[in-house]
Amino acid sequence: MAPRVEPVTSNEAAPSRADVVIVGGGIIGASTALFLARKGVSTVLCEKGHIAGEQSSRNWGWCRKMGRDPRELPLIIESLRLWSGMDEMVEGDTGFRRTGILYLCENEKDLAKRQAWLQYANLHQLDSRMVTGDEAGRLLGGSARRWAGALYTASDGRAEPQKAAPAIARAAQRLGATVLGGCAVRGIETQAGRVAAVVTEKGRIACAAVVLCGGAWSGLFCRSLGLTLPQLKVLASVMRTAPIEGGPEAAAWGPGFAFRKRLDGGYTVAHGSANVAEIVPDSFRFFVDFLPVLRIEWRDVRLRLGKRFLEEWRTPGRWALDEVSPFERVRVLDPEPAAADLEAARRNLEAAFPVFKGTAIAERWAGLIDATPDTVPVISPVDKLPGFFIATGFSGHGFGIGPGAGRLAADLVTGDPPVVDPSPFRFSRFTDGSRPRPMAGV
Ligand SMILES: Cc1cc2nc3c(=O)[nH]c(=O)nc-3n(C[C@H](O)[C@H](O)[C@H](O)COP(=O)(O)OP(=O)(O)OC[C@H]3O[C@@H](n4cnc5c(N)ncnc54)[C@H](O)[C@@H]3O)c2cc1C
């Protein structure tokens with residue numbers, strides 16, 4: 001069920017001290033490690049399972065500026081700049097290609113929604129533009145439907161989720177970072193109110209700073225420290241086709257389907273408008289925080305009560321650091337994909353693009369997206385705990401922005417001038433009366 005991820009060989013021993021310890025080896029943790037190592041900072045990257053075992057290997061692989069929340073645009077612009085030199089920087093293959101992305105529109109309402117977003121693109125002189133149905137058809141080739149038009153960004157691209165974070169982690173390792181797979185961080189020790197060490201299942205590592213890049217686990221990690229990070233998990237299902245001849249190069253999102261060509265010649269396909277939010281204790285804890293986003297996204301998110309409620313109910317919020325922690329009990333989150341949604345995606349895709357008809361499905365999997373109430377990440381120091389930083393909550397679009405986010409997190413840790421204004425990503429927005437809200441129509 002889990003997609004095969006390129007392996008990263010762990011360093012043999014955990015050091016007893018480092019400048020910085022990163023919790024979580026997805027694209028965000030790996031990118032943070034790379035940019036810290038490039039600054040000459042001694043860094044340890046701890047991953048409870050294997051590098052990119054969770055969201056970072058399970059996503060669609062889209063690296064897009066298009067349709068972003070305007071608060072994220074400066075960071076994604078920087079991130080795409082980094083992606084274009086990434087293979088060279090990491091001396092590896094992340095699969096990045098600028099092959100363009102289209103949001104296909106069926107009617108005037110869709111067109112108006114997409115057109116409205118262009119005001120943000122224009123502020124940054126992006127190459128995003130509306131195209132006619134004919135041009136969308138030409139750009140993709142082989143469409144059986146006549147589209148009303150599309151929002152198109154030629155400079156957006158794709159990379160390979162099963163290769164990228166491992167390649168970035170290996171590069172960090174070559175620059176001196178220590179990478180520890182199978183190494184859960186249980187918690188943090190403090191001295192005079194600031195971070196002094198992490199306690200991992202492989203021992204204690206003294207450090208001056210910790211960066212939490214724990215994806216869907218970040219809320220629990222924060223709770224164990226007495227910090228409240230409003231975060232919910234959303235289940236998203238994906239499938240991979242066998243290689244296809246003559247399919248579209250550009251990626252596209254249409255009604256009830258989304259696809260992206262892979263380096264192996266197959267396609268990563270999803271429904272795109274059918275996610276599942278399991279009802280868990282956090283759903284009640286953060287109900288008010290998430291109400292605005294639910295109002296906007298209710299058509300695309302189904303609420304479901306399942307066994308996860310009891311599992312999370314039974315998970316303790318605190319534990320002794322010399323005991324096995326919840327992070328060691330689930331090495332890799334590998335939820336069951338929603339088979340009916342994938343089947344619907346396949347039907348919708350085949351009807352719109354007959355080239356996909358009868359193609360074998362090679363793999364199906366799902367991932368748990370970590371969402372914040374305003375669907376904007378947290379990349380921030382934590383005032384209440386000096387030395388503790390958070391880079392998480394990427395709300396279903398953290399792969400493309402990952403390299404930029406890692407660079408920003410590294411700047412914040414070292415106190416260097418930040419690559420972009422970090423204020424939209426501050427942790428304190430949840431408590432300083434800002435009432436963070438998602439942007440409608442992005
Ligand atoms: C189906 C799906 C499709 C998506 N499509 C896209 C897309 O096309 N484009 C895009 O930009 N984004 C996409 N996303 C979102 C993107 O994948 C995520 O935003 C991004 O991967 C988040 O990276 P991360 O490093 O924060 O989290 P993760 O990749 O989830 O990594 C977090 C890691 O932390 C580890 N960890 C947690 N706690 C501990 C601990 N205490 N000790 C040690 N390790 C710990 C976990 O094991 C995990 O490996 C998609 C997501 C999904 C699920």
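The values are calculated or read from the model by the stated rules, or taken from the named source; none is laboratory data. None of the values given here were measured: they were computed from a predicted structure. As a convention, Cβ positions derive from the backbone with ideal geometry for all residues, glycine included, and neighbour counts pool all protein chains shown. Ligands, DNA and RNA are stripped out before the accessible areas are found, and what is left, the full protein with its side chains, is counted by its heavy atoms. Shrake-Rupley method; radii C 1.70, N 1.55, O 1.52, S 1.80 Å.
Pull out a ≥ b ≥ c, the square roots of the eigenvalues of the alpha-carbon gyration tensor of the stretch 271-359, then state rounded if a/c is under 1.5, prolate if not and a/b is larger than b/c, and oblate in the remaining case. Oblate.
Grab the DSSP H runs of the chain that are 4 residues or longer, score each as -39,500 (n - 2.57), total them, divide by all residues and round the 222 nm result to the nearest 500 deg cm²/dmol. Present the calculation step by step, with values, prior to reporting the outcome.
On the way: 14 runs with 136 residues, N = 442.
Computed mean residue ellipticity for the chain: -9000 deg cm²/dmol.
Straight Cα distances below 18 angstrom link Lys163 to the lysines Lys261, with same-chain residues fewer than 8 positions distant left out. Annotation: aspartates and glutamates with alpha-carbon distance below 15 angstrom to Lys233 (same-chain offsets under eight excluded): Glu54, Glu278, Asp282, Asp289, Glu297, Asp300, Glu311, Glu312, Asp334, Glu336, Asp370, Asp374.
Using only the alpha-carbon atoms, how far is helix 161-174 inclined from the longest principal axis of the chain? Give it as 0 to 90 degrees, nearest 10. Between the helix axis and the principal axis of the chain, the angle is about 40 degrees.
Based on the convex hull around the alpha carbon atoms, the stretch 97-137 presents an average projected area of 3.3 nm². Quick one: net charge of Arg158's neighbours, Cβ under 14 Å, K/R +1, D/E -1? Once positives and negatives cancel, what remains is +3. Bridgeable lysines around Lys113 (alpha carbons under 18 Å apart, same-chain partners fewer than 8 residues away excluded): Lys65. As a calculated quantity, the FRET efficiency between Met89 and Glu363 at R0 = 25 Å, using C-beta atoms, amounts to about 0.30.
For the chain, DSSP calls about 70 percent of its internal beta bridges antiparallel.
Taking a ≥ b ≥ c as the square roots of the eigenvalues of the alpha carbon gyration tensor, the stretch 370-432 is oblate, as a/c is not under 1.5 and a/b does not beat b/c.
The listed residues Ser84, Ser237 rank as Ser84, Ser237 when sorted by accessible area, largest first, using a 1.4 Å probe.
Ignoring any ligand, DNA or RNA, what whole percent of the accessible area of the stretch 115-186 comes from carbon and sulfur when the probe is 1.4 angstrom? Taking all protein chains in place, the stretch 115-186 shows 48 percent carbon and sulfur surface. Label point of Leu263 set 7 angstrom out along Cα-Cβ; within the stretch 151-181, amide nitrogens under 17 Å from it belong to 157-172. Asp134 contributes about 90 Å² of solvent-accessible surface, heavy atoms of the protein only, 1.4 Å probe.
For a quick protection proxy, order the peptides 271-278, 216-223, 202-209 by their average other-Cβ count within 10 Å, most packed first.
Descending packing order for the listed peptides: 216-223, 271-278, 202-209.
The mean sequence distance of close C-alpha pairs (under 8 Å, at least 6 residues apart), as a share of the length of the chain, puts its relative contact order at 24 percent.
The stretch 167-232 gives an Rg/Rh value of 1.00, both radii derived from C-alpha positions and Rh following Kirkwood. Relative to the longest principal axis of the Cα atoms of the chain, the long axis of helix 108-123 lies at roughly 50 degrees. With the highest mean first, a sort of the peptides 15-25, 241-251, 377-387 on other beta-carbon atoms found within 10 angstrom per residue produces 15-25, 377-387, 241-251. Considering the stretch 5-87 at the alpha-carbon level, its Rg and Dmax are found to be 14.7, 44 Å. Overall shape: oblate for the stretch 202-317, with the ratio a/c of the largest to smallest alpha carbon gyration tensor axis at 1.5 or above and b/c at least equal to a/b. Note on Ser42 and Gln125: their simple-model spin labels are 4.5 nm apart, each label 7 Å out from Cα toward Cβ. For the peptides 361-373, 414-426, residues were scored by their other Cβ atoms within 10 Å and the scores averaged per peptide; the highest-first order is 361-373, 414-426. Its Cα gyration tensor gives the chain an equivalent ellipsoid. The semi-axes, each the square root of 5 times an eigenvalue, are 35, 23, 22 Å from largest down. Can you give the net charge of the other residues whose Cβ lies under 12 Å from the Cβ of Cys207, counting K and R as +1 and D and E as -1? Neighbourhood net charge equals +1.
Length gained on full extension, Glu350 to Ala144, computed as 0.36 nm times the residue gap minus the Cα-Cα distance: 73.3 nm. Shown for the stretch 27-78: the carbon plus sulfur share of the solvent-accessible area, taken with all protein chains present and a 1.4 angstrom probe, equals 55%.
3J(HN,Hα) couplings calculated from phi for the stretch 89-105 with the Karplus curve 6.51 cos²θ - 1.76 cosθ + 1.60 (θ = phi - 60°) are, in sequence order, 4, 9, 6, x, 10, 9, x, 5, 9, 8, 10, x, 9, 10, 9, 6, 10 Hz; Gly and Pro show x.
The residues of the chain present an accessible area of 40 Å² per residue when probed at 1.4 Å with all protein chains retained.
Electrostatic tally near Lys48: other residues with Cβ closer than 14 Å to its Cβ, Lys and Arg +1, Asp and Glu -1, net -1.
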